[in-house]
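Every number here is computed from the coordinates shown, using simple stated rules; none is lab data. Computed from a predicted model, the values in this text were never measured in an experiment. Using ideal geometry, Cβ is built from the backbone for each residue, glycine included, and neighbour counts are taken over all protein chains shown.
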Amino acid sequence: MIFNETKLKGCFVLEPTIFNDERGYFYESYNKNKFNDGIRADVDFVQDNQSFSTKGVLRGLHFQSGEFAQAKLVRVLNGSVLDVAVDLRKSSQTFGQYFSIVLSSENKKQLFIPRGFAHGFAVLSNTADFFYKCDNYYNSSSEGGIIYNDQQLNIDWKISKDDMKLSSKDLELPTFKDALLC
């Protein structure tokens, strides 16, 4: 597994070592010791989540704050998404900046998003199965979000606005400036 830190400190792209043969492929998608060594931190995942979405679905930007903040390790089991992490750490040199990457079942890359970030993704393929590990349990009273089309962030979601499918909840999220940041 290769760990590449993004421009956002503590946020890493993970590229697996894949073993292919005539039967198919094998790779180790997670190993706690190698993972913690690779990101140079101690993360203990406690919850796994999975979602299925169709083309154009945009989920996000979501975060949990305070004692329920979550770090996430995300990947795509089937399909392709544009995955986005936004740095909400006020003391960070990259506060208010984002990183995006295409995660797919073909490239098998993963993205580690530390606590103090908002996260979202847009489905680029016909369907996508999205899987992620969290290091803290979900708590509805600690959830927050930022509207997907925030002008300050100016995220290119790689899909047209006409093709986007968002929940009514995500359409009502505040701007980056107005969000209650963690």
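Scanning segment 51-79 for residues that are among the polar types (S, T, N, Q) and either within 15 Å of residue 111 (Cα to Cα) or surrounded by 19 or more Cβ atoms within 10 Å (Cβ to Cβ) (or both) yields a total of 4. Of everything in segment 93-103, what is in contact (Cβ under 8 Å) with a residue 12 or more places away in the chain and in contact with a Leu (Cβ under 8 Å, 6 or more places away or on another chain)? Give them in sequence order. Across segment 93-103, the qualifying residues are 94, 96, 97, 98, 99, 100, 101, 102, 103.
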